[in-house]
1. On C-alpha positions alone, give me the angle between the axis of helix 39-48 and the longest principal axis of the chain, in degrees, nearest 10.
2. Calculate one ³J(HN,Hα) per residue across the range 6-11 by plugging θ = phi - 60° into the Karplus curve 6.51 cos²θ - 1.76 cosθ + 1.60, and present them in order as whole Hz with x for glycine and proline.
3. If you take the beta carbon distance between Leu24 and Glu85 as r and set R0 to 25 Å, what does 1/(1 + (r/R0)^6) give as a FRET efficiency, to the nearest 0.05?
4. Given H placed 1.01 Å from N in the peptide plane, which residues other than close sequence neighbours of Val65 have an amide H under 5 Å from its amide H?
5. How much length is gained if the chain between Met15 and Arg59 is pulled fully straight, taking 0.36 nm per residue apart and subtracting their Cα-Cα distance, in nm to one decimal?
6. Please list 49-57, 3-11 highest first by mean number of surrounding beta-carbon atoms within 10 Å per residue.
7. With n ≥ 4 as the cut-off for DSSP H runs, can you work out [θ] at 222 nm for the chain, using -39500 (n - 2.57) per run divided by the number of residues, rounded to the nearest 500?
8. If you split all Cα-Cα distances of the chain into 10 Å bins from zero, what percentages do you get per bin, shortest first?
Amino acid sequence: MVALDIGGDRLIVEMPDGSDAQRLPAVCTGAAIRLGSAAPLLAKALAASVGPDVLLELRGVDRPVVVRSADQGTFTTLAMPHRLEGTTR
């Protein structure tokens, strides 16, 4: 399971194999959130988007993540996140 820690100007991705977490540049609005996703599912949703930039709409760990292409805003994929242990947001 991939862990995503999102908020402010950061997106931190923690891989399931325990390798170093990756900090990616991001523009975030709203409250910070931490959630998990099945790595293959998230990879397929991201690969299906058009162009190198994507928009992730996160409304909570119990709501689907909306993955949109930043270049083609009408192209949308949904992925259901997982609640991580110790996460209350």
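Coordinate-derived values only; no laboratory data. This is a predicted model, so every value here is computed, not measured. Don't worry about glycine lacking a Cβ; one is built from the backbone with ideal geometry, like all the others, and counts go over all protein chains shown.
1. Between the helix axis and the principal axis of the chain, the angle is about 20 degrees.
2. Karplus values, whole Hz, x for Gly and Pro: 10, x, x, 10, 9, 9.
3. 0.60
4. When sequence neighbours closer than 5 places are left aside, the close amide H contacts are Ala79, Met80.
5. 13.7 nm
6. Working: 49-57: 13.4, 3-11: 15.3.
The peptides rank, most packed first, as 3-11, 49-57.
7. The helix-only estimate for the chain comes to -3500 deg cm²/dmol at 222 nm.
8. Reading the bins upward from 0: 17, 52, 29, 2.
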